[in-house]
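The values are calculated or read from the model by the stated rules, or taken from the named source; none is laboratory data. Treat the numbers as computed from the prediction; the structure is a model and nothing was measured. Virtual Cβ from ideal backbone geometry, glycine too; neighbours counted across all protein chains shown.
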Amino acid sequence: MSLTLILLGMLVAVVLSLLAWAFRSTKEPVGSQSFARALQEDGRAHVEFLPQIRQALAREDEEFLSRAGGSRLRRRLKTERRRVALSYLNALRQDFEGFLRMAKIIAMLSPELGVGQELERARLTVSFLWKYRRVQLSLYVGHLPLPEMAALGTVISGFSVRLEAALKAMGERSALAAEMISPSDRGRIHFV
Amino acid sequence: MNGLVDLVQWVWGISAGAQAVLCWVLFLSGNFRRIPVFAAYALANLCQAILMLMIYKRIGFRAESAVMLAWSWQACIQILRAAATTEAIRLLLKPYQGIWGLGRRVLAGAFGIIFVVALGYSGRNIGWAILLVDRGFHLAFAIALVACLLLVHYYSVPIHAAYKALLGGFCFYSCTVVLANTLGGILFVGGNPNFQAIWNLLTMGAFVVVLFVWANALRKPLPEPMPNVGPPEAVNSYWEISPQINERLRQLNDELSRLWKSEVTHS
């Protein structure tokens, strides 16, 4: 019986901690700027630098410089490439988070949500974060074959343009709806 | 022993006074119009306190009929509590119809599952079963509420301080009842003669704290609910974009897995 009390006590502590966490002010509340910022950020995706990153991580370059430059240059090259790879991985995560933010805004504006879609996204987010940490750790340790990293960027590239178009269309329709609401109500609307 | 009973009576008196204050505050601020179910819940609590005082004076504290009456009334209070919580979350998510639809399902699903599991653990003895069912209800209620609030946080929906106080108060009280019922059961099984007084002190003490927090938060009128933020056509964009985002995330996950596999092969 006292074991029940300990277990329930721990459960209650977790529940109350989660409650406090849920009540924290959100980093980005739904405000007039968040919608516009999402569009602006989308236009500056890190995947734009994908060709340069591909070049920096190319296996042929590494092999050539290793042959021509000796062990000192090889070590320096390895360190530099790892630094670039880590920065690139971090930038990809920022792009990923940008997509998630836009997905949330679209969900907030939509009068109906698909439970399956939202659950799937939550599952994929958790999975992404776990794999991201694993790859990051491998990079720190120096195990990861760098050229394969460039493939990650292709997943994100090109998608942002379509998202931007969809968000703009929704924003325009929302603004039109705001115009149709009385002036006293308009002050309390929080989009665009 | 007598000192403990006196303390329980004092806390009971303070609790009844705080309930009256809360009803008065709800009436003065006009918030009873904005949150009528919560106002009904507050009034039902006050009526329960008055009714119980009359019953205990007339037929005694330990009479079986008094206990059955008290728990029957308590069942009505629990239903009102659940309804008042749903009302607060509905007001909070009124401008976000899609999230409200999802939140409603999370609230009902989480509550249903945990409560059914808790019912399975309740005993055959009626007195014992009531205690366990009550604990199960509060546990299910607290977890479902927090699950729904996590969803609200995930979508970055702002929560007004008064609603934080209302929902936080419900959750805190339920958590206290879960622990108080468990501790009360342990003391009862261990033959402690003060088990009832300790249980009463814990639950009523927590309730008094929550009542004062609610009264303070509801002094000012609650904010007007915002109109819907999205146009009805936004649902088409959602169904168009959302699967694409998920597909893109899936691809990204696959790429990361491939990267990991190639790392394993190389080393």
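Is it fair to say residue B:184 is within 19 Å of residue A:16 (Cα to Cα), in a helix (DSSP H, G or I) and touching a residue at least 40 places away in the same chain (Cβ under 8 Å)?
Values: within 19 Å of residue A:16 (Cα to Cα): no; in a helix (DSSP H, G or I): yes; touching a residue at least 40 places away in the same chain (Cβ under 8 Å): yes.
No.
Go through B:175, B:148 for me and flag whichever is within 30 Å of residue A:98 (Cα to Cα), in the same structural domain as residue B:35 (by TED's automatic domain parsing) and part of a helix (DSSP H, G or I). Spell out how you get there, then give the answer.
On the way: B:175 fails: within 30 Å of residue A:98 (Cα to Cα).
Going through B:175, B:148 in turn, the sole match is B:148.
Quick one: would you say residue B:235 is hydrophobic (A, V, I, L, M, F, W, C), more than 7 Å from chain A (Cβ to nearest Cβ) and either in contact with a helix residue (DSSP H, G or I) (Cβ under 9 Å, 6 or more places away or on another chain) or without any contact (Cβ under 8 Å) to a residue 60 or more places away in the chain (or both)? Break it down into steps so the answer makes sense when it comes.
Numbers: hydrophobic (A, V, I, L, M, F, W, C): yes; more than 7 Å from chain A (Cβ to nearest Cβ): no; either in contact with a helix residue (DSSP H, G or I) (Cβ under 9 Å, 6 or more places away or on another chain) or without any contact (Cβ under 8 Å) to a residue 60 or more places away in the chain (or both): yes.
Against the criterion (hydrophobic (A, V, I, L, M, F, W, C), more than 7 Å from chain A (Cβ to nearest Cβ) and either in contact with a helix residue (DSSP H, G or I) (Cβ under 9 Å, 6 or more places away or on another chain) or without any contact (Cβ under 8 Å) to a residue 60 or more places away in the chain (or both)), residue B:235 does not qualify.
Report, ordered by the first and then the second residue, all pairs with beta carbons closer than 7 Å, sequence separation of six or more or different chains, a first member in region B:7-25 that is in contact (Cβ under 8 Å) with a residue 40 or more places away in the chain, and a second member that is outside any helix (DSSP H, G or I).
Pairs found: B:25/B:218; B:25/B:219.
Please find, within region B:152-180, the residue that is surrounded by the most Cβ atoms within 10 Å (Cβ to Cβ) out of those that are closer than 15 Å to residue B:90 by Cα and more than 9 Å from chain A (Cβ to nearest Cβ).
B:166
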